[in-house]
Amino acid sequence: MKSTRALPALPIAVRRALRKLGQDLSAGRRRRRLTMALIAERALISRTTLARVERGDAGVSIGIYATVLFVLGMADRIGDLADPRTDAVGLALEDQRLPQRVRLPRKRPPGAGP
């Protein structure tokens, strides 16, 4: 595995979110009564990598997480992760930039230049 300075610097909230994602994937696999070996085979990864996914390991690529979601039939959720329609902070900032008032453009007299 490549060494990176970013992994130890991950915010606690990100680590918790990844851990929860891993636990949710593990629960989804078990609810479907699928073995780790079968999911790993279908996702074209090793059982060791799947175990890392289910632990929420930040060193596993997002592509592998996405593939496991696909194998479990949950790939449609990936596209909603950063959906601008559910971005509360972005929507609030956009609302702050709305003009206080809207004025119609002034009419130019006929024959006036551009």
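The values are calculated or read from the model by the stated rules, or taken from the named source; none is laboratory data. All figures in this text were calculated on a predicted structure; none of them were measured in a lab. Cβ sites come from the backbone with ideal geometry, for glycine too, and all protein chains shown count toward neighbours.
So that you can scan it fast, the table gives a plain yes or no per residue for (1) hydrophobic (A, V, I, L, M, F, W, C); (2) out of contact with any helix residue (DSSP H, G or I) (no Cβ under 8 Å at 6 or more places or on another chain); (3) closer than 24 Å to I12 by Cβ:
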site	(1), (2), (3)
G56	no, no, yes
I64	yes, no, yes
G73	no, yes, no
R77	no, no, yes
D83	no, yes, no
V89	yes, yes, yes
E94	no, yes, no
L98	yes, yes, no
Pairs returned, first residue in segment 29-47 that is touching a residue at least 24 places away in the same chain (Cβ under 8 Å) and under 11 Å from V68 (Cβ atoms), second residue that is surrounded by 12 or more Cβ atoms within 10 Å (Cβ to Cβ) and of a type in the set (V, I, T), beta-carbon separation under 8 angstrom, 6 or more apart or interchain, are R29/I39; I39/V68; I39/V71; R42/V71; A43/I64; A43/T67; A43/V68; A43/V71
Looking only at segment 30-49, decide whether some residue is closer than 22 Å to R15 by Cβ and either within 19 Å of the chain's Cα centre (by Cα) or of a type in the set (D, E, K, R) (or both). no
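For R52, are the conditions met, namely being over 17 Å from the mean Cα position of the chain (by Cα), modelled with pLDDT of 95 or more, surrounded by 11 or more Cβ atoms within 10 Å (Cβ to Cβ) and not hydroxyl-bearing (S, T, Y)?
It is true that R52 is over 17 Å from the mean Cα position of the chain (by Cα), modelled with pLDDT of 95 or more, surrounded by 11 or more Cβ atoms within 10 Å (Cβ to Cβ) and not hydroxyl-bearing (S, T, Y).
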The lone condition E94 fails out of (1) modelled with pLDDT under 90; (2) exposed (fewer than 11 other Cβ atoms within 10 Å of the Cβ) is (2)
If I ask for residues that are more than 16 Å from the chain's Cα centre (by Cα) and free of Cβ contacts under 8 Å to residues at least 24 places away in the same chain, which ones from segment 12-28 would you list? I12, A27
Could you please give the count of residues in segment 26-82 that are of a type in the set (F, W, Y) and within 26 Å of R5 (Cβ to Cβ)? 1
